[in-house]
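Everything on this sheet refers to the single structure shown next.
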Amino acid sequence: QVQLVESGGGLVQAGGSLTLSCAASGIIFSINAMGWYRQAPGKQRELVASITSDGTTRYADAVKGRFTVSRDNAKKMVYLQMDRLKPEDTARYFCNGRIQMVLSTKPSDYWGQGTQVTVSS
């Protein structure tokens, strides 16, 4: 079994910063891409940022230049540094990992439970 556990959400004023962390645990053979998604009330879940195992990153246009995704492969962790936060960044943020378990023949997508980020104006 694989678990992804997020931490670091909270309430922050517009213009402030937060760092989200996500730890993967379980009987893991390899971790391919990891990423962050968010879902605001009444809206679909959307990609915020992703990073491959070799460090290639991708960002949603809405967060480019403000958010930075990184990962520590040895610790099986992914991070999201969020700067210059805006009220429209308010959402529940979910960690996603494309992970292959030991004795599995292919990777699968796993999700964390999410962490709430609220940005006040």
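The values are calculated or read from the model by the stated rules, or taken from the named source; none is laboratory data. From a predicted model like this one, the values you see are computed outputs, not experimental measurements. Quick reminder, even Gly has a Cβ in these numbers, built from the backbone with ideal geometry, and neighbours come from all protein chains shown. Heavy atoms of the whole protein, side chains included, go into the accessibility calculation; ligands, DNA and RNA do not. Shrake-Rupley method; radii C 1.70, N 1.55, O 1.52, S 1.80 Å.
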| query | Filtering region 80-121 down to residues that are among the polar types (S, T, N, Q) and outside any strand (DSSP E or B), which residue is nearest to SER25 (Cα to Cα)? | reply | GLN113
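For every residue, the table says whether it meets (1) of a type in the set (S, T, N, Q); (2) touching an Asp or Glu at 6+ places or on another chain (Cβ under 8 Å); (3) open to solvent by 40 Å² or more (accessible area, probe 1.4 Å).
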site: VAL12; (1), (2), (3): no, no, no
site: GLY15; (1), (2), (3): no, no, yes
site: SER21; (1), (2), (3): yes, yes, no
site: GLY26; (1), (2), (3): no, no, yes
site: MET34; (1), (2), (3): no, no, no
site: GLN39; (1), (2), (3): yes, yes, yes
site: TYR59; (1), (2), (3): no, no, yes
site: GLY65; (1), (2), (3): no, no, yes
site: MET82; (1), (2), (3): no, yes, no
| request: Find the residue count for region 44-57, including only residues that are of a type in the set (D, E, K, R) and loosely packed, with under 10 Cβ neighbours inside 10 Å. | output: 1
| query | If you go through region 89-96 one residue at a time, do you hit one that is among the β-branched types (Val, Ile, Thr) and either out of contact with any Leu (no Cβ under 8 Å at 6 or more places or on another chain) or open to solvent by 40 Å² or more (accessible area, probe 1.4 Å) (or both)? | reply | yes
| task | With the checklist (1) polar (S, T, N, Q); (2) in contact with a Pro (Cβ under 8 Å, 6 or more places away or on another chain); (3) open to solvent by 40 Å² or more (accessible area, probe 1.4 Å) in hand, flag the one item GLN100 doesn't pass. | result | (3)
